[in-house]
Amino acid sequence: MKARIRDAATAVTAVSTAVVLSACGADEPSDDASGGSGATTIALLLPDSTTARWETRDRPMLERQIKERCADCEVEHGNAKGDVAAQQEQMESMITRGVDAIVLAAVDSRALAGSVGKAAEAGIPVIAYDRLSEGPVSGYASFDGEEVGRLQGEALLTAMGDGAAHQQIVMMNGDLSDPNAVAFKKGALSVLGGRVKIGKEYDTAQWRTETANMNMSSAIASLGAESIDGVYAANDGLAAGSIAALKANKIEPLPPVTGQDAELRAVQRIVTGDQYMTVYKPFAPEASAGAAMAVAAARGENLDEVATDTVTTDGRTVPAVMLTPIPVTADTIEETLVKDGAYTVEQICSPAVRAACQKVGLT
């Protein structure tokens, strides 16, 4: 694999810039746009609205990045809201309309393989975004999932201290229909396996916060309130559900809890001490890489001009941009998230957490 990048600017220099974009509906692809209208049309299909990042971060950034690269591009947007069938229908619609490229963050990578194959048969390139969909994708933009899991596992061991080998954790994994969740779990176990006792382990369908809450309540009932020394939560939504269950059972102090995505509420939980860490995956470089690949693919250009890496899927080597995730704890919020412009101190330090911000030196 070629060298990874932290700054996606190096991945997009081959793609020209421009100024106009037309965007469509928030949930379903609009009915009036057509790949045959003369404009270059790129479909952006997102998996759910449960995880805040998709609509608040990825979508606007991808649309803006496409705008900067393609003067005549129109963007068709759809959000499957966690429904595999809905996303399959959206794919079918885009194929029928004859769009020029599809950016796909799959609800279920295996279930969408057939739709990806139909797009390929129709001559429509599919760029797998954040999640590596099965099927003949043309390119892939994401982060190293196993490294995310390793960072989470290492942070949890650090938080648990020297006695970690004699302590017990609960693992709140993501939805294993998402290949990223599989990679996160593999990376975490490469660090945690044999180092701690895994008392309970759950794979959380559709990454639902409420499911994590129920699972953690079940773990507490089974293991005992005093027997959970750490929680591996694969993302910030699962961390939120787990923490709520711990608090509802009056567990104090809270055990260290991991997370991922650097959601604002998670960062505030880190400031107050409810959550130990998160993993920051800078959205701008990922969106920049995904948009660059989509525009290049829509124009029939070679993605090797954009890609800095490769991945293997379905026995094929696929051009990719694989970015490096960044761990964040209370001590590093300012030098990571604030410095990178993800949030301002004012956004993080709302009145409810201002006193906690002062304690951790975030003012």
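Computed values, structure above
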read-out	value
Residues of the range 166-205 satisfying the condition of being touching a helix residue (DSSP H, G or I) at 6+ places or on another chain (Cβ under 7 Å) and acidic (Asp, Glu)	Asp175
Complete set of residues in the range 224-254 that are assigned to a loop (DSSP other than H, G, I, E, B) and free of Cβ contacts under 8 Å to residues at least 40 places away in the same chain	Gly224, Asn249, Lys250, Ile251, Glu252, Pro253, Leu254
Some residue of the range 138-146 being in a helix (DSSP H, G or I) and either in contact with a Gly (Cβ under 9 Å, 6 or more places away or on another chain) or closer than 16 Å to Val84 by Cα (or both)	yes
Subset of the range 162-179 that is assigned to a loop (DSSP other than H, G, I, E, B) and modelled with pLDDT of 95 or more - its residue that is surrounded by the most Cβ atoms within 10 Å (Cβ to Cβ)	Gly174
Criterion (hydroxyl-bearing (Ser, Thr, Tyr) and either assigned by TED's automatic domain parsing to the domain that holds Leu45 or free of Cβ contacts under 8 Å to residues at least 40 places away in the same chain (or both)) met by exactly one of Thr310, Thr272	Thr310
Options Ala356, Ala297, Ala320, Ala307: the member that is surrounded by 20 or more Cβ atoms within 10 Å (Cβ to Cβ), assigned to a helix (DSSP H, G or I) and small (Gly, Ala, Ser)	Ala297
Residue satisfying all of: in the range 142-161; under 19 Å from the mean Cα position of the chain (by Cα) and of a type in the set (D, E, K, R); farthest from Trp54 (Cα to Cα) among these	Arg150
Residue that is nearest to Trp54 (Cα to Cα), among those in the range 91-110 that are part of a loop (DSSP other than H, G, I, E, B), modelled with pLDDT of 95 or more and touching a Leu at 6+ places or on another chain (Cβ under 7 Å)	Ala105
The range 194-223, residues that are among the aliphatic types (A, V, I, L, M) and either closer than 9 Å to Ser242 by Cα or touching a Cys at 6+ places or on another chain (Cβ under 6 Å) (or both)	Ala212, Met214, Met216
Test: residue in the range 56-64 that is within 29 Å of Gly237 (Cα to Cα) and either assigned to a loop (DSSP other than H, G, I, E, B) or assigned by TED's automatic domain parsing to the domain that holds Ala234 (or both)	no
Candidate set: the range 336-354, residues that are modelled with pLDDT of 95 or more and in contact with a strand residue (DSSP E or B) (Cβ under 9 Å, 6 or more places away or on another chain); chosen: the one nearest to Val267 (Cα to Cα)	Leu337
Number of the condition not met by Val311 [criteria: (1) within 23 Å of Gln275 (Cβ to Cβ); (2) in contact with a Phe, Trp or Tyr (Cβ under 8 Å, 6 or more places away or on another chain)]	(1)
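Listed here are the residues, each with its yes/no results for (1) over 26 Å from Glu147 (Cβ atoms); (2) crowded, with 19+ Cβ neighbours inside 10 Å; (3) in the same structural domain as Arg110 (by TED's automatic domain parsing); (4) of a type in the set (Val, Ile, Thr).
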{"position": "Glu301", "(1), (2), (3), (4)": "yes, no, yes, no"}
{"position": "Ile333", "(1), (2), (3), (4)": "no, yes, no, yes"}
{"position": "Ile348", "(1), (2), (3), (4)": "no, yes, no, yes"}
{"position": "Pro351", "(1), (2), (3), (4)": "yes, no, no, no"}
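The values are calculated or read from the model by the stated rules, or taken from the named source; none is laboratory data. The model shown is predicted, which means the values in this text are computed figures rather than measured ones. Cβ coordinates were reconstructed from backbone atoms using ideal geometry, including for glycine residues, and neighbour counts include every protein chain displayed.
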